[in-house]
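First the structure, in the form of structure tokens, and then the observations on it.
The values are calculated or read from the model by the stated rules, or taken from the named source; none is laboratory data. Not measured: the values here are computed from a predicted model. Glycine also receives a Cβ, built like all others from the backbone with ideal geometry; neighbour counts cover every protein chain displayed. SASA here: full protein model, heavy atoms, side chains in, ligands and nucleic acids out. Shrake-Rupley method; radii C 1.70, N 1.55, O 1.52, S 1.80 Å.
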Amino acid sequence: MDLSTTIAGVRFPSCFMNASGALCVTREELLALGRSRAGAIVTKSMTVEPRDGNPTPRYYAFPGGSINSMGLPNLGYRAYAALIPELKSFGKPVIASVAGLCEDDFPTIAAIINAAKPDLIEVNLSCPNIPGKPQIGYDAEASERLLKRVRKVITVPMGVKLPPYFDPAHHTAMGEVIGRCGVDFLNLINSVGNGLVVDPERETVVIKPKGGFGGLGGTIIKPVALANVRAFWKIFEGQISIIGTGGVVHGVDAFEHLLCGASAVQIGTVLVEEGVSVFGRLETELAAQLSKKGYAKLEDCRGKLKEL
Ligand code: HRO
């Protein structure tokens, strides 16, 4: 079955791709995504200077999901800018994820990365793991200021990676910001920030940074991810492409994201756990689910969630 999709006018050969952060920091990891069945190559969120990230252990998987406090380990934007032509040779879209440690970093990085011509740029407003730096996406004014600055220097489709919101008032407020900033696509959601996983046997936290607090991913966050996809799908009446991220472990999870309004889905925790072979498995499972439900292609079910 054809599982290709379109985000902000760009065609993706498959609707499954890595979530930024999962196996996409180094050149080797990015090339492995290029050779895999992933429908795109998404880079790790980049900062101005290369970073080692937070002290280890900083990632921990458990039966329901994962917790991470990686702390933006990345090669620095110059290295990713240099890699983009090679990544583009795989014939699938390259999404550059732009972050920063302060507001001024974002336009600096965006301008140079844009010149390297990735197919799309994703602006990460939602890293929960830099000690002392709140998630920008929880500050509507700061988000608007930043998005207007990066929009001026980005000429490829521009998306925003948002943190999860837990109240319709926050969906509305960010929806208004997004509507004023020329955003072409949304990626919903980043990890559920500042969770705490406890090992009762050792009576300890499971990751070192920030006293054990970190971003949650995997199955446990799926309802939060679906709610955010659905809320923004409704706000924009299906007119802004949405990438659904959060809790996609099986094909059926992807189907649920599509029903809520996603056009593609990204894979974090289960990609780290299974490796790049996960993409083939998910394609097989989603194709089986679509056939079983009588859908011939993705668009036929997108946003079609029924209410009671
Ligand atoms: O590197 C990280 O700690 C990290 C980032 Cl940037 C992000 O956006 N989301 C996340 O869960 N971890």
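Restricting to the stretch 255-295, name every residue that is outside any helix (DSSP H, G or I) and of a type outside the set (S, T, N, Q). Outline the logic, then answer.
First pass over the stretch 255-295, keeping only residues outside any helix (DSSP H, G or I): 261-268, 275-277, 293-295.
The answer is GLY261, ALA262, ALA264, VAL265, ILE267, GLY268, GLY275, VAL276, LYS293, GLY294, TYR295.
The criterion of being within 16 Å of the ligand (Cβ to nearest atom), without any contact (Cβ under 8 Å) to a residue 40 or more places away in the chain, over 17 Å from LYS234 (Cα atoms) and surrounded by fewer than 15 Cβ atoms within 10 Å (Cβ to Cβ) does not hold for GLY182.
Can you say whether ILE67 is of a type in the set (A, V, I, L, M) and either surrounded by fewer than 20 Cβ atoms within 10 Å (Cβ to Cβ) or more than 13 Å from the ligand (Cβ to nearest atom) (or both), as far as the supplied structure shows? Judged against the criteria, ILE67 is not a match. Taking the stretch 212-242 as the range and being open to solvent by less than 50 Å² (accessible area, probe 1.4 Å) and within 16 Å of the ligand (Cβ to nearest atom) as the test, the residues that pass are GLY212, GLY214, GLY215, LEU216, GLY217, GLY218, ILE221, LYS222, VAL224, ALA225, ASN228.
ASN190 meets all of the listed conditions (1) touching a residue at least 12 places away in the same chain (Cβ under 8 Å); (2) more than 16 Å from the ligand (Cβ to nearest atom); (3) among the polar types (S, T, N, Q) but one, namely (2). Remark: pairs (first residue in the stretch 52-73, without any contact (Cβ under 8 Å) to a residue 40 or more places away in the chain; second residue within 12 Å of the ligand (Cβ to nearest atom); Cβ separation under 7 Å; 6+ apart in sequence or on different chains) = ASP52/PRO73; GLY53/MET70; GLY53/GLY71; GLY53/LEU72; GLY53/PRO73. Among the residues making up the stretch 13-64, those that are over 15 Å from ASN187 (Cα atoms) and of a type in the set (Phe, Trp, Tyr) are TYR59, TYR60, PHE62.
Among the residues of the stretch 207-230, are any within 19 Å of the chain's Cα centre (by Cα), closer than 19 Å to ALA22 by Cβ, part of a loop (DSSP other than H, G, I, E, B) and touching a residue at least 40 places away in the same chain (Cβ under 8 Å)? Yes, the conditions are met somewhere in the stretch 207-230.
From ARG202, ARG151, ARG145, which residue is open to solvent by 20 Å² or more (accessible area, probe 1.4 Å) and closer than 23 Å to PHE62 by Cβ? Talk me through it step by step, then tell me what you get.
Values: ARG151 fails: closer than 23 Å to PHE62 by Cβ; ARG145 fails: closer than 23 Å to PHE62 by Cβ.
The match here is ARG202.
Of the residues GLY137, GLY132, the single one that is part of a helix (DSSP H, G or I) and either under 14 Å from PHE232 (Cβ atoms) or within 16 Å of the ligand (Cβ to nearest atom) (or both) is GLY137.
One residue stands out among those in the stretch 7-28 that are under 19 Å from VAL248 (Cα atoms) and of a type in the set (S, T, N, Q): the one that is farthest from the chain's Cα centre (by Cα), which is SER14.
Does PRO85 meet the test of being surrounded by fewer than 19 Cβ atoms within 10 Å (Cβ to Cβ) and assigned to a loop (DSSP other than H, G, I, E, B)? If you could, list the steps in order and put the result at the bottom.
Numbers: surrounded by fewer than 19 Cβ atoms within 10 Å (Cβ to Cβ): yes; assigned to a loop (DSSP other than H, G, I, E, B): no.
Taking the combined requirement at face value, the residue does not satisfy it.
Looking only at the stretch 24-49, residues that are open to solvent by 10 Å² or more (accessible area, probe 1.4 Å) and within 13 Å of the ligand (Cβ to nearest atom) come to 2 in all.
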